[in-house]
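The values are calculated or read from the model by the stated rules, or taken from the named source; none is laboratory data. All figures in this text were calculated on a predicted structure; none of them were measured in a lab. Cβ coordinates were reconstructed from backbone atoms using ideal geometry, including for glycine residues, and neighbour counts include every protein chain displayed. Only protein heavy atoms, including side chains, enter the accessible area calculation; ligands, DNA and RNA are left aside. Shrake-Rupley method; radii C 1.70, N 1.55, O 1.52, S 1.80 Å.
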Amino acid sequence: MAISLSKGQKVDLTKGNPGLSKVIIGLGWDVNKYDGGKDFDLDASVFLLGENGKVTNDADFVFYNNPSGGNGSIVHSGDNRTGAGDGDDEQIIVELKEIPANIQRVAFTITIHDGEGRNQNFGQVSNSYVRILNEESNEELIRYDLGEDFSIETALVVGELYRHNNEWKFSAIGSGYQGGLAALATDFGLEIG
């Protein structure tokens, strides 16, 4: 039975699941009906963060154009440009034991591609969630439904894995940003050219 989290809650991932080594982070969303004339393209991205809360180099930013990071410990499954259909829209595979020791936190985000340019925001998106599955058994371990709290934001930090006493925990964050992926990337220490 999956643990359902609310914003701000934290839960042990590896301590309560001994032997867990590979997980799938599934992200999903639906786009509300609207007449803006342009398709929504939501993207999942991952930031591998050191102790200072920043990426150490560009390779620590995993997304559809850089689908692997952390020495191959984190792999993005690919870009879903429509979000149509049931189930996860994008997935990230994480090998917990392979994440380099200098990475303390792994932040999972969803952004709206060209949200400002297309006049789109998360107020037009519903049923957003992040879930963690045991890759071996496909069992859902943790689920966080984001709710409808966002009206003007074009980027969300949905949650993060973080190290604590040699175990991995998950934190349901649910923080919205304006400025899309560029604002997030800057916040996490990347220089956007």
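What FRET efficiency, computed as 1/(1 + (r/R0)^6) with R0 = 25 Å and r the Cβ-Cβ distance, is obtained for residue 4 and residue 102, rounded to the nearest 0.05?
So the FRET efficiency works out to roughly 0.20.
Treating the beta-carbon of each Lys and Arg as +1 and of each Asp and Glu as -1, no other charges, what is the dipole magnitude of the stretch 89-193 about its Cα centre, to the nearest 20 debye?
260 debye
Can you compute the helix-only [θ] at 222 nm over the chain? Use -39500 (n - 2.57) per DSSP H run of at least 4 residues, normalise by all residues, nearest 500 deg cm²/dmol.
Only helices count here, giving -1000 deg cm²/dmol.
Per residue, how many Å² of accessible area does the stretch 57-136 show with a 1.4 Å probe?
Result: 45 Å² per residue.
For the stretch 86-183, which GluC sites (Glu not before Pro) pass both filters: DSSP loop (anything but H, G, I, E, B) and at most 14 other C-beta atoms within 10 Å?
Qualifying residues, ordered by number: 116, 136, 139, 148.
When only DSSP loop residues count, what chymotrypsin sites (Phe, Trp or Tyr not before Pro) in the stretch 57-139 have their Cβ near at most 13 other Cβ atoms within 10 Å?
When the chymotrypsin sites (Phe, Trp or Tyr not before Pro) of the stretch 57-139 are filtered for loop state and at most 13 Cβ neighbours within 10 Å, nothing remains.
Could you work out what % of the accessible surface of the stretch 66-193 is carbon and sulfur, using a 1.4 angstrom probe and leaving DNA, RNA and ligands out of the count?
After summing per-atom areas, the C and S share lands at 40 percent.
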